[in-house]
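The values are calculated or read from the model by the stated rules, or taken from the named source; none is laboratory data. Quick caveat, the model's predicted, so the values are computed rather than measured. Positions of Cβ are generated from backbone atoms using ideal geometry, with glycine treated the same way; all protein chains shown enter the neighbour counts.
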Amino acid sequence: MHVDENTYSFDEFLKARDEYNDFLDNEFLQLAAKHYIKDEWEQLYEKIKTLSEETSFHYRHIANEISKIENQPKIEHYNAYNKRVDRIIRTKQQADMEEDLFKRALFSKETSKWEQVLSRFLFHHNGEAGIMCPVACTDGLVDILRTFEHELNDELKEILRHVTEGIDGDFGIGAQFMTEIQGGSNIPANVLKAVKAGDHWRLYGSKFFCSAIHADYSVVTARVDNTEHVGTFIVPLWKTRERKERNHLVINRLKSKLGTTELASAEVIFNGAKAYQIGPLEKGVAIAVGIVLTKSRLDIGAASSAFMLRAVREALQYSQFREVFGRRIEDFPLAKGQLLDMEHTAKRTTAAVFKIYDEFFKQENWYHKQLSEEEKKRQFVLRELILLQKIKAAHDTVDTVRTAISIFGGNGVIEDFSSLPRLFRDAMVNELWEGPKNVLLAQIHRDIKRASKWYEPKAFIKDLLEGVDGQIVERFQERMQSLMDIDLYAEPNEQTIRDAKEWARFCDELFYEYQEQAWKEIGDAPIVKTYSFKKQL
Ligand SMILES: Cc1cc2nc3c(=O)[nH]c(=O)nc-3n(C[C@H](O)[C@H](O)[C@H](O)COP(=O)(O)OP(=O)(O)OC[C@H]3O[C@@H](n4cnc5c(N)ncnc54)[C@H](O)[C@@H]3O)c2cc1C
């Protein structure tokens with residue numbers, strides 16, 4: 001009889017991988033967070049330490065479980081009594097995880113901004129998991145409600161209370177529906193109609209990408225009947241808080257997606273859904289993009305950083321454990337180069353995420369403020385940084401997770417060997433939602449050109465790259481000057497294609513310098529320790 005005498009085992013690697021605490025064992029993450037959190041650090045440290053035990057050792061496992069095909073969300077269109085319900089069916093594990101996260105009252109006035117950011121950051125290590133999109137959307141919903149807090153009617157005040165402080169222990173969840181079938185990049189081209197009905201509005205038409213459709217409320221953009229305006233509205237997705245009957249809307253179907261498969265994303269028809277106006281109708285697009293999408297784009301920066309930290313540390317651990325031709329993977333120069341590059345990318349991304357959040361918090365509550373010249377410039381720099389970060393961090397994550405997968409060889413693409421395939425697919429989605437790369441590149445160019453009347457592009461570059469070597473800054477300033485007059489909307493020909501490519505390269509390199517500077521300001525520390533794994537064969 002032949003027996004398998006191969007005693008090869010992954011046990012040592014699995015032990016190191018699974019015992020890794022995403023916060024306590026990541027000295028670099030702690031360094032970055034501490035650098036910006038400052039006075040609050042000691043108090044926050046204990047809370048985040050406790051949360052990290054849960055996200056690293058409990059929810060990491062749950063996130064893997066719920067991603068299995070059999071656990072993905074489904075829709076029940078009708079109940080047994082022929083009543084249309086359009087209820088999303090999810091596993092109890094997923095619903096519990098979401099409830100736990102929301103019960104942390106992330107958006108309460110009692111919760112500090114940094115606690116909110118760090119808590120979400122730890123959950124992001126486990127991928128989108130069907131919960132991180134709803135959190136980002138709720139963040140945007142809260143911001144828009146707070147921005148117009150002085151003019152909210154009773155219903156909107158109640159919604160704000162539900163999503164921030166909770167009602168009887170139940171916390172409201174937000175969504176955001178802007179994309180229509182004819183295109184998501186061009187929100188001003190929305191055709192879903194809003195019709196005035198007394199002190200509120202009724203919506204008629206469809207939205208083509210509606211994630212977190214299980215949520216309680218959504219920010220919805222809609223064309224105001226008989227006008228050219230696209231307004232922003234808050235729409236309860238259910239008639240009552242018991243979530244039994246939909247608010248005059250039907251869900252056609254759930255989308256089958258490459259990534260974020262744990263999240264229900266729907267195609268929806270509004271048949272007179274009750275809606276509340278928020279902010280001035282003629283500024284709907286600016287409000288939706290400037291307040292709501294800005295928050296989601298910031299969140300994509302943080303998600304990208306957490307995905308990368310997770311992928312890189314697992315690749316580093318594997319490369320120390322796994323032997324090929326009698327040597328550890330990390331002992332080959334080809335692999336070592338990739339590992340160093342990945343670690344570098346994860347660190348510069350993380351450093352920039354914290355730096356941008358820090359500036360964002362300093363500028364909070366500026367919406368209604370009469371800004372000085374200097375403040376107006378700072379606000380502009382931040383706006384562009386958030387767009388640049390969305391492009392670069394999301395793009396780099398796909399590259400980094402792909403390289404991490406390749407370090408694992410064939411095992412890298414095996415769904416139940418690691419979470420990397422899932423993170424890779426989620427990273428692909430992060431590149432697209434909240435604005436694909438080309439849309440944002442065009443936006444940045446338009447912004448700088450428009451602002452050039454009151455903000456010299458040279459001065460803008462200097463301010464954005466504050467702290468960077470003068471010669472490097474000058475080179476960017478010169479390139480910016482020569483790119484000012486390119487036309488990203490011209491007919492494609494040899495020249496315009498070259499210009500467009502140079503613009504994309506310029507933005508990429510500009511934000512890279514910003515990230516490098518952010519990293520320099522923080523200092524360095526390891527993501528994983530050096531292990532002493534036994535020789536395997
Ligand atoms: C998983 C998932 C979930 C989503 N959930 C939501 C949601 O909950 N709510 C919501 O509102 N939306 C949602 N979206 C939609 C998402 O925001 C849109 O897909 C995105 O805004 C792009 O719109 P589009 O897909 O219609 O692409 P289009 O607008 O058709 O764009 C197609 C291509 O044209 C390019 N393009 C556009 N403008 C320019 C330009 N000026 N120059 C060069 N190229 C350009 C784009 O970069 C893109 O490559 C979701 C998307 C995904 C993938």
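Would you check if ASP96 is under 16 Å from the mean Cα position of the chain (by Cα) and assigned to a helix (DSSP H, G or I)?
Criteria not met by ASP96.
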Subset of region 396-424 (residues that are within 16 Å of the ligand (Cβ to nearest atom) and under 15 Å from LYS68 (Cα atoms)):
ARG422, LEU423
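With respect to ARG402, determine if the residue is free of Cβ contacts under 8 Å to residues at least 40 places away in the same chain, assigned to a helix (DSSP H, G or I), among the charged types (D, E, K, R) and assigned by TED's automatic domain parsing to the domain that holds GLN320.
So ARG402 fits the description; yes.
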For region 480-499, how many residues meet the condition of being part of a helix (DSSP H, G or I) and hydrophobic (A, V, I, L, M, F, W, C)?
3
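The rows are residues; the columns are (1) in contact with a Ser or Thr (Cβ under 8 Å, 6 or more places away or on another chain); (2) surrounded by 18 or more Cβ atoms within 10 Å (Cβ to Cβ); (3) within 26 Å of LEU31 (Cα to Cα).
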residue	(1), (2), (3)
THR349	yes, yes, yes
GLU359	no, no, yes
GLU375	no, no, no
ALA404	no, yes, yes
GLU415	no, no, no
From the option list GLN277, GLN320, single residue qualifying as at pLDDT 95 or above and in the same structural domain as THR232 (by TED's automatic domain parsing) is GLN277
Collect the residues in region 129-186 that are assigned to a loop (DSSP other than H, G, I, E, B) and within 16 Å of the ligand (Cβ to nearest atom), keeping them in residue-number order.
ALA129, GLY130, ILE131, ILE173, MET178, THR179, ILE181, GLN182, GLY184, SER185, ASN186
Which one of these is over 21 Å from the mean Cα position of the chain (by Cα) and β-branched (Val, Ile, Thr): ILE37, ILE48, ILE66, ILE88?
ILE88
Read through the list (1) under 22 Å from the mean Cα position of the chain (by Cα); (2) assigned to a loop (DSSP other than H, G, I, E, B); (3) not charged (D, E, K, R), then give the number of the only condition that VAL3 fails.
(1)
Within region 521-535, which residues are surrounded by fewer than 18 Cβ atoms within 10 Å (Cβ to Cβ), touching a helix residue (DSSP H, G or I) at 6+ places or on another chain (Cβ under 8 Å) and at negative phi?
GLU521, ASP524, ALA525, PRO526, THR530, TYR531, PHE533, LYS534
Of the residues ALA393, ALA427, which single one is within 16 Å of the ligand (Cβ to nearest atom) and small (Gly, Ala, Ser)?
ALA427
Specify the residue that is farthest from ASN271 (Cα to Cα); the eligible residues are those in region 187-213 that are assigned to a strand (DSSP E or B) and within 9 Å of the ligand (Cβ to nearest atom).
SER211
Right, LEU293: in a loop (DSSP other than H, G, I, E, B), in contact (Cβ under 8 Å) with a residue 12 or more places away in the chain and under 30 Å from ILE444 (Cα atoms) or not?
no
